[in-house]
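See structure below.
The values are calculated or read from the model by the stated rules, or taken from the named source; none is laboratory data. The structure presented is a predicted model; accordingly, all values stated were derived computationally and were not measured. Note that each Cβ is placed from the backbone with ideal geometry, even for glycine, and that neighbours are counted across all protein chains shown.
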Amino acid sequence: MKSIFTIFTFLFIFSQGLTQSIVVTNTQTPQQLINGVLLGSGVTAFNIMINGNLGAANTPIGSMGYFTNSNPTFPISSGLVLTTGNASGAIGPNNSTFSTNNTPPTASVSGDPHLNDIANGSVENGIVLEFDFIPSGDTLFFNYMFGSDEYPEFSPSSFNDAFGLFLWGPGISGPHILGGYPNGGANIAVIPGGIPVTINNVGDQSNTSYYVFNEAASTPTYGDAIQYDGTTVLLTASADVQCNEVYHIKLAISNVGDQSYDSGVFLEAGSFNSDAVNVSVATVSGDTTIVEGCTYADFIFTRPDTEVNDTLIINYTITGTATQGVDYNSLLNPIIFLPGVDTVIINLTPIQDGLLEGFESVTISVALVNPCGDTIFSQGTIYIGDGPIINITESDPVLLCAVDNYLITASASGGYAPYTYTWTTISGTQLSTNDSLYINVSQNGTTLFLITAVDNCNFSQTDTATITMNQTIAIDTIYIFPSSCQPTGAVSAVASGTNGIPSYTWTGPGPNGFIDASVWQNLPSGWYFITVTDDVCEVSDSAFIDILNPPIASFQAIPTTGCAPLDVAVINNSQNGTAYNWNFGNGQTNNVVDLNPLNTSYNPASAGVFTIQLIVTQGALCSDTAYSTITVEICGCNDPTALNFNSNASQNDGSCIYPIPPNPEVEAPNVFTPNNDDDNDEFFLTSKNLASLNLVIVNRWGLVVFDKLSTDLVNDNPSWDGKVGQNTANEGVYFYKYIAIGINGQELEGHGFLHLFN
């Protein structure tokens with residue numbers, strides 16, 4: 001019935017989230033567990049026995065119990081659990097791969113012949129639950145899951161923990177012998193092929209499609225729901241029976257090979273049915289109550305798996321105090337099971353009408369005549385409640401003292417938990433979304449806050465939280481007396497509104513750093529802090545003691561820069577001092593008690609900056625300091641080409657002396673023969689002591705045939721090769737002129753004639 005479990009999954013996620021483990025209780029007797037939990041419609045049980053003991057049916061048994069589940073990963077919401085140990089050992093989470101919970105020792109079922117038939121090993125401890133029953137239909141079925149901590153390490157192995165559902169009665173035959181049933185009995189706890197459900201037959205190595213891995217070392221399939229390392233899938237046991245006949249069934253489970261590593265079987269509540277259409281109710285809250293404007297209910301119609309091949313039309317009856325179409329939506333009637341469908345769901349949604357009507361009921365009933373001619377009834381009931389009135393309880397404190405962070409709280413009731421909270425100021429500014437709020441309370445008076453609670457159905461209520469501060473203690477006056485440098489200051493505080501005898505505590509730079517008194521004398525200048533404490537509260541304040549006529553350091557240095565040796569006069573302009581400590585930065589110090597001018601001198605080997613420091617004191621506790629810098633230069637010739645160059649000079653004083661250069665000299669030939677005989681092929685001037693030379697040559701008609709200026713006469717002395725452009729000049733007389741600049745700056749001009757012979 002996958003569709004039912006899908007709905008339950010949604011409902012449990014909505015109402016509780018992906019939560020914890022199953023809950024197991026074993027306070028119910030076997031009689032209560034069979035009739036109140038396991039049995040569904042169409043079955044009547046009697047002669048209930050535990051391990052062959054008819055009287056044990058009225059006594060709670062540790063190996064069996066009632067379980068409920070709110071974890072949607074586990075496919076059964078409630079039912080009956082049978083274990084080889086204690087039933088509480090089935091509770092998750094899966095935190096052990098070898099869980100054994102059989103203290104005190106559980107009962108031995110080693111002599112049970114039917115478990116021995118399927119175990120293929122030594123049957124040890126466990127439980128056998130058996131009873132007679134009469135079916136009202138022609139088919140018996142119920143849902144179950146087998147789990148174990150033997151998985152996966154001992155599957156398969158000799159530890160073949162086994163579970164059996166042995167059935168005897170009319171039309172049943174099989175290998176399991178029981179007195180009074182000559183045709184024997186059949187084990188209906190099997191997978192296809194008639195294979196019994198045991199550790200060896202279903203696991204991660206055999207018939208794996210029927211196995212669910214739940215190992216804690218990885219991610220358990222069922223989350224925290226159960227302890228077992230593995231289970232079967234949800235299985236259905238079924239058999240053809242004859243209505244109104246007596247049958248005997250035996251539900252048996254045991255350890256095999258030892259008494260360790262628990263195994264258990266989960267049987268779904270209400271699933272032990274015999275051919276009837278069952279009506280159940282699923283709600284968000286998990287009970288039978290829904291709320292107008294919030295939750296809804298699903299009526300779930302299910303039919304036996306043996307009848308899913310036919311179309312079935314069901315007419316049902318609606319009764320109760322609620323009115324269809326007024327208090328809830330109109331419901332589809334009749335409903336139709338199509339072939340292959342075992343579940344039909346109709347949704348009931350309550351209508352919010354704003355009226356206070358109390359709880360109203362809706363009951364859906366189905367009556368069917370089964371193949372035996374009996375009329376089978378099944379019904380489900382839900383109750384519709386009005387929207388709630390939410391009550392908010394908040395703290396409304398009255399404070400006698402200001403605090404930086406005070407916690408106020410609120411709690412809601414009367415609605416549908418969980419609640420969300422919003423704190424705001426009266427003007428609507430949001431402060432917090434928790435159920436508590438830290439606030440600062442610093443002034444007397446009343447402060448109001450709004451707290452709004454919203455429940456899980458989105459119903460809300462707003463209330464007012466009030467904080468009242470009535471602090472009476474206060475520091476009225478602080479008297480402050482300034483200090484000289486001796487010290488001579490004082491502070492005094494006066495408090496009012498005290499409860500009991502107040503205490504005063506001053507802290508600050510005075511003697512010992514504190515005093516417990518309202519008056520503190522003989523104090524130096526600085527900040528002082530007072531705390532007054534009475535029987536219920538404390539207040540604090542502060543005061544600053546000024547200083548009278550403190551020393552002021554001031555002086556003037558004349559000059560502050562110059563060439564070494566530099567004589568500096570220092571004029572002391574300080575005030576309120578009694579002693580003057582000088583450090584001139586040149587190794588000279590002086591301690592004086594007057595303001596007379598002082599002189600010092602600076603004659604360093606290299607240029608530098610010197611700092612003069614003056615510390616003016618007035619007694620032992622007061623002082624002031626002033627500074628001035630003196631820049632001293634080394635003055636001289638700093639030109640490396642000068643005869644008197646001084647490498648230490650930082651400033652040129654114009655005293656450089658340079659060598660006197662010689663006068664320029666120029667000689668010129670009057671004939672040259674540019675005929676490529678390497679003898680007198682070019683015309684050039686021979687010179688000495690020149691910085692530059694410009695040579696110009698013109699012909700007899702005054703046309704310039706050569707003009708060149710050079711400042712590098714060693715590598716580029718001007719010379720004419722006897723050509724004009726690319727052509728050889730004509731023989732004859734030419735006129736030359738030159739302008740020479742000597743290295744001493746003297747200018748020398750000259751001219752002459754030259755004869756050109758080719």
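Just a few scattered comments:
- Qualifying residue in the stretch 208-223 (condition: under 29 Å from ILE50 (Cα atoms), in a loop (DSSP other than H, G, I, E, B) and hydroxyl-bearing (Ser, Thr, Tyr)): no
Table: residues versus (1) at pLDDT 95 or above; (2) crowded, with 17+ Cβ neighbours inside 10 Å; (3) out of contact with any Cys (no Cβ under 9 Å at 6 or more places or on another chain); (4) small (Gly, Ala, Ser).
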position: PHE163; (1), (2), (3), (4): no, yes, yes, no
position: GLY169; (1), (2), (3), (4): yes, yes, yes, yes
position: HIS176; (1), (2), (3), (4): no, yes, yes, no
position: ALA189; (1), (2), (3), (4): no, yes, yes, yes
position: GLY194; (1), (2), (3), (4): no, no, yes, yes
position: VAL197; (1), (2), (3), (4): no, yes, yes, no
position: ASN201; (1), (2), (3), (4): no, yes, yes, no
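- Against the list (1) modelled with pLDDT of 85 or more; (2) surrounded by fewer than 23 Cβ atoms within 10 Å (Cβ to Cβ); (3) over 22 Å from LEU38 (Cα atoms), the condition VAL109 fails is (2).
- Qualifying strands (runs of 3 or more DSSP E) (wholly inside the stretch 571-644; at least 2 residues being closer than 30 Å to GLY489 by Cα): 579-583, 589-592, 608-618, 622-633
- Within the stretch 624-643, considering residues that are farther than 13 Å from GLN613 by Cα and out of contact with any Cys (no Cβ under 9 Å at 6 or more places or on another chain), the one modelled with the highest pLDDT: THR631
- Selection within the stretch 151-188 - in contact (Cβ under 8 Å) with a residue 60 or more places away in the chain and aliphatic (A, V, I, L, M): ALA162, LEU165, LEU167, ILE172, ILE177, LEU178
- Any hit, the stretch 395-408, residues being over 30 Å from SER540 (Cβ atoms) and either modelled with pLDDT of 90 or more or crowded, with 16+ Cβ neighbours inside 10 Å (or both): no
- Qualifying residue in the stretch 589-603 (condition: under 25 Å from ILE552 (Cα atoms) and modelled with pLDDT under 90): no
- Residues satisfying the stated conditions in the stretch 486-523, i.e. touching a residue at least 60 places away in the same chain (Cβ under 8 Å) and either in contact with a Leu (Cβ under 6 Å, 6 or more places away or on another chain) or of a type in the set (A, V, I, L, M, F, W, C) (or both): PRO487
- Restricting attention to the stretch 419-461, the residues that are within 26 Å of CYS294 (Cα to Cα), of a type in the set (Val, Ile, Thr) and touching a residue at least 40 places away in the same chain (Cβ under 8 Å) total 1.
- Residue-level analysis places THR488 outside the set of residues that are among the hydroxyl-bearing types (Ser, Thr, Tyr) and assigned by TED's automatic domain parsing to the domain that holds THR422.
- One residue from ASN51, ASN58 being over 10 Å from VAL24 (Cβ atoms) and in contact with a strand residue (DSSP E or B) (Cβ under 6 Å, 6 or more places away or on another chain): ASN51
- Flag for SER21 being within 39 Å of the chain's Cα centre (by Cα) and among the small types (Gly, Ala, Ser): yes
- Those strands (runs of 3 or more DSSP E) of the stretch 373-455 in which at least 3 residues are within 30 Å of THR363 (Cα to Cα), considering only elements entirely within it, cover 375-385.
- Among the conditions (1) in contact with a helix residue (DSSP H, G or I) (Cβ under 7 Å, 6 or more places away or on another chain); (2) closer than 16 Å to TYR479 by Cβ, the only one that THR507 does not satisfy is (2).
- Enumeration of residues in the stretch 180-196 that are touching a Ser or Thr at 6+ places or on another chain (Cβ under 6 Å) and either on the phi < 0 side of the Ramachandran plot or not assigned by TED's automatic domain parsing to the domain that holds SER88 (or both): ASN183
- Residue match in the stretch 147-161 (condition: within 27 Å of ASP342 (Cβ to Cβ) and either over 42 Å from the mean Cα position of the chain (by Cα) or outside any loop (DSSP other than H, G, I, E, B) (or both)): yes
- For the stretch 225-258, a residue qualifies if it is surrounded by fewer than 18 Cβ atoms within 10 Å (Cβ to Cβ), of a type in the set (Val, Ile, Thr) and in a strand (DSSP E or B), and exactly one does: THR236.
- Filter result (of a type in the set (S, T, N, Q) and in contact with an Asp or Glu (Cβ under 8 Å, 6 or more places away or on another chain)) within the stretch 638-691: SER650, GLN651, ASN652, THR673, ASN675, THR686, SER687, ASN689
- Taking first residues from the stretch 630-647 that are among the small types (Gly, Ala, Ser) and partners that are part of a loop (DSSP other than H, G, I, E, B), the Cβ contacts under 7 Å between residues at least 6 apart in sequence or on separate chains come to GLY636/ASN646; GLY636/ALA649; GLY636/ASP653; GLY636/SER655; ALA642/CYS656; ALA642/ILE657; ALA642/TYR658.
- Taking the numbered list (1) in contact (Cβ under 8 Å) with a residue 40 or more places away in the chain; (2) under 19 Å from LEU267 (Cβ atoms); (3) of a type in the set (Val, Ile, Thr) in turn, VAL212 passes all entries but (1).
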